[in-house]
Amino acid sequence: MDIKLDPSRDDLPLMANTSHILVKHYVLDLDVDFESQIIEGTIVLFFESGNKFKKQSSSTEETYPSESNKACKFRTPEPCHIPVTNTRTVSSKMGYNDFVICGKGEKDTSGKDGNHDNQEQASGISSSKYCCDAGNHGSEDFLLVLDCCDLSVLKVEEVDVAAVPGIEKFTRSPKLRNQIVCELVALPADRWREQLDYYARCSQAPGCGELLFDIDTWSLQIRKTGVQTATDFPHAIRIQYTTKPQGRSVTWTSDQSGRPCVYTMGSPINNRALFPCQEPPVAMSTWQATVRAAASFVVLMSGENSAKPTQLREGCSSWHYYVTMPMPASTFTIAVGSWTETKPEICSSDDLATEKSFSPFEADFRYVGVCGHMEYPCRFQNASATTQEIIPHRVFAPVCLKGACQETLLPLIPPCLSAAHSVLGTHPFSRLDVLIVPANFPSLGMASPHLVFLSQSTLTGMSQFCGTRLCHEIAHAWFGLAIGARDWTEEWLSEGFATHLEDVFWAKAQQLAPHEAREQRELRACLRWRRLQDEVRNSPEDMQVLRTAH
């Protein structure tokens with residue numbers, strides 16, 4: 001299954017067999033080592049499987065023939081030459097009470113009002129001709145395939161969730177490990193605190209047997225001898241691994257002040273060089289993460305909580321984040337560096353009242369509408385959140401850009417957030433961090449849940465450039481994140497909506513008169529049309545045609 005690609009022309013291969021088994025939750029426990037430029041630790045994956053995940057798989061995707069499974073050579077973990085400075089399985093301090101997590105995803109309904117829908121999660125719909133879906137082929141062992149690249153996997157083991165103290169109070173089958181996980185992932189949203197606590201406890205449970213695995217350029221393949229179906233495959237597994245300095249999901253560099261930092265790229269291969277995952281955008285999950293780094297660094301992440309560092313020992317701090325909205329694994333974002341928070345010089349009491357943060361189930365939780373997505377603690381059903389025009393926000397940057405952020409960026413965030421709320425209503429996410437990324441960042445901006453990357457070039461010139469780009473990334477909270485394409489070839493839809501809405505938001509943020517807003521939109525539309533014509537004239541013909549999904 002080792003596939004050779006031409007990165008300039010070929011799609012990324014989507015190898016994960018999501019039509020048979022789905023990751024519902026990831027628990028990451030990682031150490032960031034700037035000296036060796038690696039991130040190392042463990043990830044625990046909690047699965048859900050069932051016959052409903054096999055529907056449409058034969059008609060919606062191409063699969064490798066079953067002989068490909070026979071060609072895989074499995075091995076137990078071998079000694080690795082990459083130095084591992086910390087071999088503990090999990091952190092001793094997880095901060096469980098600081099997390100919220102999403103509930104089950106049982107409904108097969110359209111995601112018309114809120115987040116992505118779960119109806120097609122399992123079909124493994126792929127934009128790529130390189131797709132592997134290894135299921136049950138007669139007497140062969142079931143093969144779990146995860147998307148990964150540029151990772152060194154040291155060990156894969158089943159997690160003995162039945163050994164968790166007190167688990168018998170939670171489950172009807174305290175001795176059946178898979179049943180425990182099935183009941184855990186199926187907890188309703190109003191039991192989020194209990195669910196999170198057990199996710200954390202289960203992630204720290206001891207291993208109960210190493211699993212056979214093999215790794216190639218684009219995938220990690222795991223099996224358990226004698227297990228022939230996804231239903232019987234271990235539903236909680238722990239993978240110990242390290243990233244590689246040259247891994248294409250993370251960039252090790254220096255910020256504009258000359259201090260070391262690392263951040264996720266989001267491209268060209270999404271997060272598969274950060275952790276083994278299920279890559280198709282229809283395979284959605286929640287996650288919680290513990291990240292340790294030197295105490296001088298700030299860890300920012302796509303998480304619902306504004307995490308604060310916990311000192312573990314002298315010179316080392318731990319940061320904890322979580323998400324409760326099921327999201328594609330590609331939206332997980334992390335940035336570690338000597339970032340400086342930029343704060344407004346004067347913060348009025350009115351601003352504080354407007355920006356009050358609301359947790360998913362805080363106080364007045366009334367159903368103000370019906371969402372068609374899977375069950376999770378949803379802000380769209382929180383009466384308080386619907387009136388929150390300006391969500392809590394922070395701005396981070398290298399110390400040398402603090403003044404520019406305070407002068408240009410910080411004053412723009414409240415009016416842009418308020419403008420977005422006036423057009424689209426409830427903000428999908430409860431908070432926002434904005435980071436000015438290092439100079440080698442390859443685009444003007446990138447949006448992820450709760451965290452936006454902006455290029456330093458947006459700080460130059462007048463506020464027009466910074467404001468329109470900020471509005472574009474804010475628009476992606478709705479289009480691209482809360483609602484997203486089922487297939488990677490359809491990302492142009494999200495970009496189209498965000499590009500249109502950046503003009504709408506920015507006109508409202510500037511409080512322009514209707515005729516002024518119209519003239520501004522028409523001018524920008526004319527400029528975009530001219531640019532599109534120029535790009536068409538200078539692009540190969542095969543790059544001008546939309547491809548149908550396989």
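The values are calculated or read from the model by the stated rules, or taken from the named source; none is laboratory data. Everything numeric in this text was worked out from a predicted model, so none of it was measured. Backbone-built Cβ (ideal geometry, glycine too); neighbour counts: all protein chains shown. Ligands, DNA and RNA are stripped out before the accessible areas are found, and what is left, the full protein with its side chains, is counted by its heavy atoms. Shrake-Rupley method; radii C 1.70, N 1.55, O 1.52, S 1.80 Å.
Among 311-319, 372-380, how do they line up by average Cβ neighbours within 10 Å per residue, starting with the highest?
In decreasing order of mean packing, 311-319, 372-380 become 372-380, 311-319.
Place the peptides 437-444, 36-43 in order of packing, highest mean first, counting for every residue the other Cβ atoms within 10 Å and averaging per peptide.
Most protected by this proxy first, the peptides run 36-43, 437-444.
So with the 1.4 Å probe, I'd like the accessible area per residue for the stretch 197-250, rounded to whole Å².
Per residue, the stretch 197-250 has 32 Å² of solvent-accessible surface.
So which of 4/155; 155/308; 343/508; 402/508; 155/244 end up more than 21 Å apart, counting from Cα to Cα?
Those over the limit are 4/155; 155/308; 343/508; 402/508.
Check which residues have an amide H placed less than 5 Å from residue 439's amide H, if you skip close sequence neighbours.
It is 256, by chain and number.
Can you give me the % of accessible surface on the stretch 419-550 that is carbon or sulfur? Probe 1.4 Å, all protein chains present, nothing else counted.
Exposed carbon and sulfur together represent 57 percent of the surface.
From the phi angles alone, apply the Karplus equation (6.51, -1.76, 1.60; θ = phi - 60°) to the stretch 230-247 and give each ³J(HN,Hα) in whole Hz, x where the residue is Gly or Pro.
5, 5, 8, 5, x, 8, 9, 10, 10, 10, 9, 7, 9, 7, 10, x, 8, x
Between residue 460 and residue 527, what is the FRET efficiency for a Förster distance of 22 Å, r being their Cβ-Cβ separation, to the nearest 0.05?
With a Förster radius of 22 Å, E is 0.70.
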